[in-house]
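Visitor: Below is a structure I'd like to ask you about.
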Amino acid sequence: MTNNDKYENNIKCEYLVIGSGAGGAVACKYLSDLGKDVILIEDGDYHEINKFAGSISESFLYAWRNSGITPVLSKANFAFGEGRCLGGGSYVNGGLIWRTPEIVLNEWCNLFNDKTFSKDNLKKYFEIIESILDINQDEKKSNFENAESLKIKKIGEKKNIKVVKVPKSINSSRNELTLGAAGLTKNSILQKYIISSKEKGLEILTNCKAEKLFVKDDKIASVQVKMNNKIKNISAEKVILACGATQTPILMKKSFGNRYLDSQMNVHLNLRLGVKFNENIQTKKGVMFTRQLQEYMDDGVLIMPTSFNKNNFFSSLVKMHNKDLFNIEKNIDQYGSFIIQLSSLNKIMLNNFFGNTILSYKLNNQDLIKLKKYFLIFCKSLFDVGAEEILLPFKKNFIIDKNTNLIDFFDKYLTQNNIEMVSVHGMSSAKMGIKNSEKSRFDRNGKSFEFKNLYCLDSSVLPSSTIESPQGTIMAIASHILEKIS
C-alpha cells in the first residue's frame, strides 16, 4: 500500500495532508483529481477491509488509538475512542453520512453573520459525497430493517414522535458488515477517497507521525515526521491538518506553544442500554441500525439502536453474578442494544501534564437533568413496546424492569459517580471563528489566522457540536475549504 523506504532524504511536495480521517480523505481525492502533488501521512497502519471480520476486539488493538480506549479523568467511567489507522475515524466508526442539522447550521450562520454554512450552500457538497458513497436519502429505496430499529419505529408510531430512516448505502441488501456499519458505506471512504487516489498520483506514508511544524516568515517551512523510526522533514507549499479533535491541537501545541492548545473539546456522550424483549429479536452481530429517534434533537439528544456484538455485550456485564450472566446467555436472542446520545454542554478538557495531554471531564448539572429526563422517557417507551428488562450503563443498581418506579430510581441512581459512558465524537478543539475572537484558530475557510500556508479541515475546526454524528459534516466542510485552498 505504501512505499516509505523510497524516501531516503527529506521530502518535498505541493500539498501535505496530515491525517487520513474523513477530512483528510476528502483532501486526498479533491486535490489528486486536480492533478496536484499530494502526500498523505498517517500515524497508524493500513488494514484490509475484512481484516477484523468477526473480531471487534482485535480492531481495537490495531486500528484504534490506545487500543480503543483513551481514559478520561472523570467521576463517571468515561472512555474516548479515536481511530489510528489509514482511514482514521472513517475506518473505525459507523459509515453513515448524516447532513448537518439545520439548527446547527443556523448557529454557524449567526456566528459569521453570513450564509457560508447555510443548508442551501452546503447542499452541493453533501450531494457529491452521497453520490460517491452511494448513500441513500430515499426511504423507499431500502426495505431492510433490523429488529431493534423496528422497535424504535414502533415507539415513534405509538408516541407520534419523529423517527427517521438512516441514510445508508443503497448497494446493501443485508446491512451487515465488519464493525457494524451500513453496507458498502463502511470503509468506502477509505476505498473511494484515499486508495482510489493512488492511481492519480497520491503518495501515502503510513506509520508516519507528524512530530512538529517549523515556522519561517509566517509560513510552515517544514514538518518534522518520524517514519521507520527515523526523523525526516517534509516541505510543502501548503500544509493541511486533518489529525482529529485531539491530535490536531496537540500537534499545534508541540509546534507553537501552550497558547495554541485549545483547552476544550466538544463531545457527544454515548450511554448504552441492553434491553431484553418479550420475544426473540435475533440480533445479528455487525448489523447497523436503520432508524433513529430525532424528536429531541433540539435538546441535543438522539436515541438509536447500536450494533450488537455478543462478546462486547458480555464484557460490559462483568459486574453481574454468574447466575445472571447464564440467564442472559440462555436468552441472548431476546436482547438488543440501544444508545442515548447527548451533545454535552460541558466539554472535555485537554490538559498538559509533564508534556503529556490528559483528558478530563465533569458532567454538567444541566446535562445530568437532561439524562434523567430522557432515560425516563426512553425506558418507559421501551417497556411500552415489549421490553421486559433493561440493563443500564450504571456502575451499580443497573437492572430495571417494568415494575420499577422509574422516577424514584433515576433520581437515586443516575448520578455523576454511577454512570458509564463513551464517546467517539470530539470536535471544535481548534475551531474556526472570527479573527481575534476567543480560542478561534482558523477562519471560515479553514485558513490559519497566523500562518499563510496552514489549513485545517478535520472535526477540530468545526465551530461547535454537530449534535448528529459529525462525519458527513466534516466531509462537507472539508469540501468547502478545499475549494478555497485550491
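The values are calculated or read from the model by the stated rules, or taken from the named source; none is laboratory data. Since the structure is predicted, the reported quantities are computational estimates derived from the model, not experimental observations. So basically every Cβ, Gly included, is an ideal-geometry build from the backbone, and we count neighbours across all protein chains shown.
Visitor: Tell me, please, whether a residue that is acidic (Asp, Glu), over 17 Å from the mean Cα position of the chain (by Cα), within 30 Å of Gly23 (Cβ to Cβ) and not in a helix (DSSP H, G or I) can be found in region 444-467.
Guide: yes
Visitor: Would you pick out the residues in region 439-454 that are farther than 17 Å from Asn113 by Cα and among the acidic types (Asp, Glu)?
Guide: Hit for region 439-454 is Glu450, nothing else.
Visitor: Let me ask another. Does at least one position in region 222-237 carry a residue that is of a type in the set (Val, Ile, Thr) and touching a helix residue (DSSP H, G or I) at 6+ places or on another chain (Cβ under 7 Å)?
Guide: There is no residue in region 222-237 that is of a type in the set (Val, Ile, Thr) and touching a helix residue (DSSP H, G or I) at 6+ places or on another chain (Cβ under 7 Å).
Visitor: Could you tell me how many of the residues in region 210-259 are part of a helix (DSSP H, G or I) and small (Gly, Ala, Ser)?
Guide: 1
Visitor: Right, another one. Mind counting the residues in region 273-296 that are of a type outside the set (A, V, I, L, M, F, W, C), within 20 Å of Ile399 (Cβ to Cβ) and at pLDDT 90 or above?
Guide: Final tally of qualifying residues: 4.
Visitor: Here is a further query. Suppose the filter is under 28 Å from the mean Cα position of the chain (by Cα) and at pLDDT below 95; does Leu363 pass it?
Guide: yes
Visitor: Among the listed residues Lys29, Lys51, identify the single one that is at pLDDT 85 or above, outside the structural domain of Asn346 (by TED's automatic domain parsing) and either more than 24 Å from Met475 (Cα to Cα) or not polar (S, T, N, Q) (or both).
Guide: Every option except Lys29 fails the conditions.
Visitor: Which of the following residues is in contact with a strand residue (DSSP E or B) (Cβ under 7 Å, 6 or more places away or on another chain) and crowded, with 20+ Cβ neighbours inside 10 Å: Ser440, Ser460, Ser381?
Guide: Only one candidate passes the filter, namely Ser460.
Visitor: From (1) buried (at least 23 other Cβ atoms within 10 Å of the Cβ); (2) modelled with pLDDT of 85 or more; (3) not small (Gly, Ala, Ser), pick out the condition that doesn't hold for Lys186.
Guide: (2)
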